[in-house]
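As structure tokens, the structure follows; a few thoughts come after it.
Quick note: the coordinates plus some simple rules give every number you see, no bench work behind them. Keep in mind that this is a model prediction, so the values were computed, not measured. Cβ atoms come from the backbone with ideal geometry, glycine included; neighbour counts cover every protein chain shown.
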Ligand code: F0G
């Protein structure tokens, strides 16, 4: 069989696994790197823009790359249970990979701040879902303490194997593009993914697989921008619930990634996110969740500010699938039109 083997087998030489590691995989990775068709026109035609569509992973987000590693290593260490705090996608992925491994998952999510698709994923995969009347940051503090004192493995991005898996996305971008981009644009929440991409680009560069290194450009939601504002945000607010985080776990490494790469971190407002969300769906045919649209909102804002060298190649990570959050989609689009079951009425409605 010559099909895609999942990220651990594909990039085994770059990952901390051995023959003794039981590989738990849903064949994640190998996601499309789509050339944007209309975004250059809508922003700057001199840019080459590519979209890394991570929503097409098995559970619909980039988290699967890290989870295949975290769960495989947990199993190797003899763990029978995993735990995480989540704004939704990590919990969906942890639940699915734990199911695949035949071990238990406990996930803790902020009540009323997790998109319905993500919640349904965690539930159907059989995870114990704890809803906390509090923030993601509070939930993370609690699960960290539990994992420290009890025989349950933490699978948030503080688990070092998570970022090891996630760095494979940068390898794929280079393999697909034939080079590293000049700029890599990415939403920032708990700040693991920007850290992982930068690690991946550097390792591939060191191994001679890419001659270039990109500038890492991260985007936080304006109401949840601790890194940009350089302070903890006690009550973060944004429609992009996936990145509603006030005290990111990988804060330091993300700042390092930004500085080492010559990049920067900026903010985008909810209004800009929603505009980009609709644009992506209507102009490119790609349905990603609001947090993912932060990359596109950031692109638009940064082009206006003339931050990119003309002629540059840009890659934007689109982190999670739009179907995760159907509520926001319906609220953001025109409503379905009610019609009676009669041809004349339908034709009249269509102006035909
Ligand atoms: N986009 C989506 C769709 C996410 O789910 C997340 C994070 C991010 C972007 C930000 O990535 O945290 O590595 O900076 N979601 C986490 C979760 C926090 O619990 O699912 P990050």
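Within a 10 angstrom radius of the beta carbon, how do 10, 307 rank from fewest other beta carbons to most?
Ascending Cβ contact count within 10 Å gives the list 307, 10.
Before rounding to the nearest 500, sum -39500 (n - 2.57) across all DSSP H runs of length at least 4 in the chain and divide by the residue total; then give [θ] at 222 nm in deg cm²/dmol.
My calculation for the chain gives -12500 deg cm²/dmol from helical runs alone.
From the Cα gyration tensor of segment 94-151, with a ≥ b ≥ c the square roots of its eigenvalues, which class applies: rounded if a/c is under 1.5, or else prolate if a/b is larger than b/c, or else oblate? Walk me through the numbers on the way to the answer.
On the way: a/c = 2.79, a/b = 1.07, b/c = 2.60.
Because a/c hits 1.5 or more and a/b fails to exceed b/c, segment 94-151 counts as oblate.
Sort the following peptides by mean Cβ neighbour count (other Cβ atoms within 10 Å, averaged over residues), highest first: 133-142, 328-337.
Sorting 133-142, 328-337 by mean packing, highest first, produces 133-142, 328-337.
Could you tell me the distance between the Cα centroids of segment 264-280 and segment 294-352, to the nearest Å?
12
Relative contact order for segment 288-352: what is it in percent, counting Cα pairs under 8 Å that are at least 6 residues apart?
Relative contact order, segment 288-352: 39 percent.
Rounded to whole Å, give me the distance from the Cα center of segment 160-238 to that of segment 66-101.
Taking the Cα centre of segment 66-101 as reference, the centre of segment 160-238 is 21 Å away.
Test of understanding: ordering 93, 72 by Cβ neighbours within 10 Å, fewest first, what list do you get?
Values: 93 36, 72 23.
Ascending number of Cβ neighbours within 10 Å: 72, 93.
With a 10 Å Cβ neighbour count serving as the proxy for reagent exposure, in which order, fewest first, do 260, 64, 344 appear?
Ascending number of Cβ neighbours within 10 Å: 344, 260, 64.
Normalising by the residue count of segment 1-146, find the relative contact order in percent from Cα pairs under 8 Å and 6+ residues apart.
Averaging sequence separation for qualifying contacts and normalising by length gives 19 percent for segment 1-146.
Tell me the relative contact order for the chain as a rounded percent, counting alpha carbon contacts under 8 Å between residues six or more apart.
19
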